[in-house]
1. For helix A:114-127, report the angle its Cα long axis makes with the longest principal axis of the Cα atoms of chain A; keep it between 0 and 90° and round to the nearest 10°.
2. Gain in length, A:Gln140 to A:Glu243, computed as 0.36 nm per residue apart minus the alpha-carbon separation, to one decimal in nm?
3. For helix A:143-155, report the angle its Cα long axis makes with the longest principal axis of the Cα atoms of chain A; keep it between 0 and 90° and round to the nearest 10°.
4. Find, among the GluC sites (Glu not before Pro) in region A:154-244, those assigned to loop by DSSP (not H, G, I, E, B) with at most 10 other beta-carbon atoms within 10 angstrom.
5. Could you calculate the FRET efficiency of B:Ala191 with B:Ile232 from 1/(1 + (r/R0)^6), where r is the beta carbon distance between them and R0 is 22 Å, rounded to 0.05?
6. Kindly put A:Met124, A:Met207, A:Met214 in sequence by how many other C-beta atoms sit within 10 Å of each C-beta, fewest to most.
7. Applying a 10 Å radius around every beta-carbon, put B:221-229, B:189-197 in order of their mean neighbour count, most first.
8. Could I get the Rg over Rh figure for the protein assembly as shown? Both from C-alpha atoms, Rh via Kirkwood, rounded to two places.
Amino acid sequence: MTQTIAVEASHVVKAFGHADTAVRALDDVSVQIRKGEFFTLLGPSGCGKTTLLRLIAGFEMPSGGTILLEGADITTLPPNKRPVNTVFQSYALFPHLTVAQNIGFGLEMLGRPKAEVQATTARMLALVKLETMASRKTSQLSGGQQQRVALARALAPSPKVLLLDEPLSALDLKLRKEMQIELKRLQTETGITFIFVTHDQEEALTMSDRIGVMSAGKLQQVGSPKEIYNNPVNRFVASFIGETNFLPASRDGDMYRLDCGIKIGAPPSKAARVTLTVRPEQVRLVADSEADALPAKITNLVYFGTDTHCHLSLPDGTEVVARLQSPATGDAGLALGQSVGVRFVPEAIQVLED
Amino acid sequence: MSPAEQDQITQSARNGWLLSAPALVLLTLAAVGPLIIVVIYSFLAPGETGNVEWKFSTDAWQGILFTRDIFDDTLAWADANLTIFWRSVKLSLLTTIFAFVVGFPTSWFIATRPPKARALWLFLITIPFWTNLLIRTFAINEIIRREGLLNTILINLHLISQPLDMIYTDTAVFIGMTYVYLPLMVLPLFASLDRFDMRLLEAAYDLYASPWQVLRKVIMPIVNPGIIAGSILVFVPSLGAYVTPRLLGGGKNMMIGNFIELQFGQGRN
Ligand SMILES: Nc1ncnc2c1ncn2[C@@H]1O[C@H](COP(=O)(O)OP(=O)(O)OP(=O)(O)O)[C@@H](O)[C@H]1O
Ligand SMILES: [Mg+2]
């Protein structure tokens, strides 16, 4: 049977510090990362993303659990014995070496013949489009170029898995967008498994094959960007990925009764108290005279160029945000304090059991 | 680059030179000047009263390098002088190497402490400088002499039955000099290691370097300026050391420094 799982972490625990002051950076994390996929770890600051990456790289040893690489147990191997390379956030390029020597460093340490090191270095330089910079010192490069060297250096030894810890966070927005496309291209061209860390949800959604959402040392949900966005498993995932409206409700037969008293339909659930979620772009404004529309008042209008965010208040005070496409004339004909009717696109309503 | 920018760069370069001017003047007067005088004097003939005559002569150099046979006036290498010279170089080299071997881990240790602890450790390293060299050297003498601390301890532990002859040997001189000059190795090494980006270690380790290769291929090349500075700071004064070889080497294990003192002070040469 061919191995289709690149990295498998099972019940990984990582605690820092001693006994009662210990911090559980990772709390029973299990995940399977498939061969050749672009996998993103997404979560707020301090949730344990870097820690998980460092465990896979071998810079830290887990307090519990195991880590397999293509089926082999690597839990206790030191970093220089793992066919896994890292692109560091700070790049960590060697200042005493040229661009080419930096890229060839890994292969040289592996004791590969000179000819092979040179050939691979040349290939990597072409891959990241730095052929003309081969003999420069790394301090003479721009941030984006250093980033490319760091990538080429980590890719040169053809690792089984490439780990990237927020590699784009030091770049300005324009360069960042360019590098996102560049990274995706490199991943497709090399076919190497990428594990990418970010706390930028947009970056995660646009680049990944699958995303693992983390919070407080736990993996909350693993799935494709569409699954994560459209079917978040809990409140944390729903609010962390994109913006969303939360509507507290109670089950009433096959329907749900919102706290403002109005009944609406949504997928079935067993819990008595639930939270319904709807993305702002799935909220429609209609005339307040329309039957079975929720009565609401406009409390705020925020103009974003392509669209306008309309903040609404339901009779019980619940806040709802609707994202409306800005009309051609630039005037949606809405005013503060105006009474309107609100409708949700029925298929877009999600039920979260509290 | 625009001409204005060019101008600014040459301007700041000029300012740099101006700033270092006082140091350069002092260095020329105090260090380079006397050296030139000594070299010139060495090629002049000696006068009657310890002065020199303005006449070119290689007598002084011949006197150091060769001995004139008293019977047939042929020249032979002055073995005694060359032995002193060779011993000085050998001991200074050994001292430098050993100071590096001891100093490097020490500097590494200090550079990896938290900032507050670092200041304390650096202070401890410089403490020997607060004591007179003579007193410190006598202290070593006290430890390693025949009836000294070290021999007493070893004998009481029954590790040896006879006291070891440590004092008045080349080894004693070497140990003493390493002790005296160690801080001069540690300080520049620390300065280099302090600026070393520790994240490079993980990068190298990640790229399949063994711990030894991390040391040889990443740490050493980057902190090289510190290694060179430390080595010069230890080697040069070791070569001219006077007090330590005198007290720990006794009369027989002379180094260049003692030889010079002998010639200058006593031989009026
Ligand atoms: N060496 C360490 N010693 C003690 N605590 C640590 C150590 N490394 C990480 N932690 C703690 O573990 C938790 C997770 O840290 P981690 O660096 O993995 O977060 P992260 O998700 O990468 O955050 P960020 O997005 O800010 O980089 C944090 O609470 C952090 O304080
Ligand atoms: Mg991190």
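1. Roughly 30 degrees between the two axes.
2. Values: separation 103, 0.36 × 103 = 37.08 nm, distance 4.15 nm.
Stretched fully, the A:Gln140-A:Glu243 segment lengthens by 32.9 nm.
3. 70 degrees
4. none
5. For B:Ala191 and B:Ile232, the calculated efficiency is 0.95.
6. A:Met207, A:Met124, A:Met214
7. Highest-to-lowest ranking by the protection proxy: B:189-197, B:221-229.
8. 1.18
Values quoted throughout were computed directly from the atomic coordinates according to the rules given, and no laboratory measurement underlies them. Please read all numbers here as calculations on a predicted model, not as lab measurements. Note that each Cβ is placed from the backbone with ideal geometry, even for glycine, and that neighbours are counted across all protein chains shown.
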